[in-house]
Amino acid sequence: MEQHLLFGYHYGAENTEELKSLLKKSLKLMIITSVVMTILAELLSKTLASIFVSYDENLLEMTIRAIRLFALSYIISGVNIFTSSFFTALNNGIVSAIISFLRTLVFQIAMIFILPIFLGLDGIWIAVVCAEVLTLFVSIGFLIKDRKKYQYA
């Protein structure tokens, strides 16, 4: 929450240099954290799955695969969540709501209906990854479109 206050404060104070610096640092931290979380999920998938489904070998293998596929979404979801919050801090609730609505409802539902047709059960887990990728394009589009308006780039 404090980070959002900082963005809002520097935007309101028209301190564009600090706003730019905070955005760059935040995105770098978000990307690094997301990559680390993904790697940890990949490395620990068997251990995590074993906690819950070690009683059934087939279910265990399916769960390990699901964790590994779903974990790919961590790389991108952090940036999308941050971007939505960033626009909230800049008092642009419409853009924030669009990003959130697309990533959590529209794109996910579309991918859940489409991908299993082509990928079977894996399509369910990859649906979240694809929804995050699509939302990333939207997030980047808004960041590029509004960079001059808010002077953060």
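The values are calculated or read from the model by the stated rules, or taken from the named source; none is laboratory data. Being a predicted model, the structure only gives us computed values, none of them experimental. Ideal geometry is used to build each Cβ from the backbone, glycine not excepted, and the neighbour counts take in all protein chains shown. Remember, those area values only see protein heavy atoms, side chains included, never the ligands or the DNA or RNA. Shrake-Rupley method; radii C 1.70, N 1.55, O 1.52, S 1.80 Å.
Brief remarks on what is shown
- Screening region 127-149 for residues that are in contact (Cβ under 8 Å) with a residue 24 or more places away in the chain and among the charged types (D, E, K, R) and picking the one that is farthest from Ile76 (Cα to Cα) gives Asp146.
- Among the residues of region 84-109, the ones that are buried (at least 16 other Cβ atoms within 10 Å of the Cβ) and closer than 22 Å to Lys148 by Cβ come to 12 in all.
- Checking each residue in region 1-35 for being part of a helix (DSSP H, G or I) and among the acidic types (Asp, Glu) picks out Glu2, Glu17, Glu18.
- Restricting attention to region 115-149 and to residues that are of a type in the set (Phe, Trp, Tyr) and more than 30 Å from Gly12 (Cβ to Cβ), the residue that is most open to solvent (accessible area, probe 1.4 Å) turns out to be Phe118.
- Answer residue from region 21-36, given it is open to solvent by 30 Å² or more (accessible area, probe 1.4 Å) and touching a residue at least 40 places away in the same chain (Cβ under 8 Å) and is nearest to His10 (Cα to Cα) among those: Leu27
- Options Ile39, Ile67, Ile75, Ile112; residue that is surrounded by 13 or more Cβ atoms within 10 Å (Cβ to Cβ) and modelled with pLDDT under 95: Ile75
- Taken over region 16-41, the criterion of being farther than 13 Å from Phe86 by Cβ and among the polar types (S, T, N, Q) is satisfied by Thr16, Ser21, Thr33, Ser34, Thr38.
- Residue check, Lys46 under 24 Å from Gln151 (Cα atoms) and either among the basic types (Lys, Arg) or loosely packed, with under 14 Cβ neighbours inside 10 Å (or both): no
- If the condition is being without any contact (Cβ under 8 Å) to a residue 40 or more places away in the chain and surrounded by 13 or more Cβ atoms within 10 Å (Cβ to Cβ), then region 55-64 contributes Leu59, Leu60, Glu61, Thr63, Ile64.
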